[in-house]
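The structure under discussion appears below in the form of C-alpha cells.
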Amino acid sequence: MKVIETERVYLRELVLEDTENLSKVLSDKESMQYYPKPFTIKEVEKWIEWNIDNYAKHSHGLWAVILKDGNKFIGDCGITMQLIDKDYVPEIGFHIIKKYWNKGYATEAAAACRRYAFDTLKYPKVFSYTTIKNIPSQKVAQKIRMHTYKTFEKNGEKQIVQVAVNNLV
C-alpha cells in the first residue's frame, strides 16, 4: 500500500520481505558510518519490526522508498518518534542505498514526509537529528526548509537537531 507518492518515488510500509533489500543500506559500513556500527541481518529484521509497531502506535514510521522507474527498492524514509535530548518528538529519517546517493531521492522523500507530518499528521513541528559530522543528512534537512534548532553532547559526541515549523497550525 502506497502511503506517499512523489514524482519519482513512492513510500510504502516496510514488510519483513524487505530485509535483504534494506540490509543493502543498513548493513553497509559506509552508509552507516554515523551509527555505532552497521546492522546485522537480525538487526535489520528488528528495525523493520520496530517500524511495523510504529505504524500501529503512531500511524507512521520509516517506510520503504521505491523508485517508480522499475519498482526498485532504494531505502527507507519516514517519521519516527525519537527521544532527542529529553524531548519525545517526530523526526524525519532516511537511509538510501549507496548506488542511489546524490540523485535527490532522500530530499524528495524527506520533503514528502515533511508535508505528510504537517498536512496529514498535523504535527506543529518536525525534526531532524544527527551527529554534527553527518553533513549529508544536515544538507537534506536544509533543502527541506529545516533550520538549526540546537546542538548538544551525547556520549561525548556533538549532535545537531534541525526543525521545520508548520506555520498553518
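The values are calculated or read from the model by the stated rules, or taken from the named source; none is laboratory data. Not measured: the values here are computed from a predicted model. Positions of Cβ are backbone-derived with ideal geometry, glycine not excepted, and every protein chain shown enters the neighbour counts.
Working only within the stretch 27-49, note down all residues that are among the acidic types (Asp, Glu) and closer than 20 Å to Thr80 by Cα. If the condition is that a residue be among the acidic types (Asp, Glu) and closer than 20 Å to Thr80 by Cα, then Glu43, Glu45, Glu49 are the ones that fit. Within the stretch 62-86, the residues that satisfy the criterion of being out of contact with any helix residue (DSSP H, G or I) (no Cβ under 7 Å at 6 or more places or on another chain), surrounded by 14 or more Cβ atoms within 10 Å (Cβ to Cβ) and closer than 28 Å to Glu7 by Cα are Trp63, Ile66, Leu67, Lys72.
Considering each of Lys139, Lys150 in turn, give the residue that is surrounded by fewer than 18 Cβ atoms within 10 Å (Cβ to Cβ), free of Cβ contacts under 8 Å to residues at least 12 places away in the same chain and not hydrophobic (A, V, I, L, M, F, W, C). Going through Lys139, Lys150 in turn, just one is surrounded by fewer than 18 Cβ atoms within 10 Å (Cβ to Cβ), free of Cβ contacts under 8 Å to residues at least 12 places away in the same chain and not hydrophobic (A, V, I, L, M, F, W, C): Lys139.
Regarding the stretch 60-75, can at least one residue be identified that is among the aliphatic types (A, V, I, L, M), out of contact with any strand residue (DSSP E or B) (no Cβ under 6 Å at 6 or more places or on another chain) and in contact (Cβ under 8 Å) with a residue 24 or more places away in the chain? Looking for residues that are among the aliphatic types (A, V, I, L, M), out of contact with any strand residue (DSSP E or B) (no Cβ under 6 Å at 6 or more places or on another chain) and in contact (Cβ under 8 Å) with a residue 24 or more places away in the chain, one finds none in the stretch 60-75, hence no.
If I filter the stretch 87-112 down to residues being modelled with pLDDT of 95 or more and assigned to a strand (DSSP E or B), which single residue comes out as surrounded by the most Cβ atoms within 10 Å (Cβ to Cβ)? Per the criteria, the residue is Ile92. You will find that of Ser31, Ser59, the residue that is in contact with a helix residue (DSSP H, G or I) (Cβ under 7 Å, 6 or more places away or on another chain), closer than 17 Å to Gly93 by Cβ and polar (S, T, N, Q) is Ser31 and no other. The residues listed here are Ala109, Ala56; of these, the one that is within 12 Å of the chain's Cα centre (by Cα) and aliphatic (A, V, I, L, M) is Ala109.
With respect to the conditions (1) farther than 20 Å from Val9 by Cα; (2) within 11 Å of the chain's Cα centre (by Cα), Gly75 falls short on a single one, namely (1). Across the stretch 153-167, the qualifying residues are those that are part of a loop (DSSP other than H, G, I, E, B) and without any contact (Cβ under 8 Å) to a residue 40 or more places away in the chain, and the one among them that is farthest from the chain's Cα centre (by Cα) is Gly156. Residue check: is Thr130 in contact with a helix residue (DSSP H, G or I) (Cβ under 7 Å, 6 or more places away or on another chain), outside any strand (DSSP E or B) and within 27 Å of Leu16 (Cα to Cα)? Against the criterion (in contact with a helix residue (DSSP H, G or I) (Cβ under 7 Å, 6 or more places away or on another chain), outside any strand (DSSP E or B) and within 27 Å of Leu16 (Cα to Cα)), Thr130 does not qualify. For the stretch 57-104, residues that are of a type in the set (Lys, Arg) and closer than 24 Å to Pro38 by Cβ total 4.
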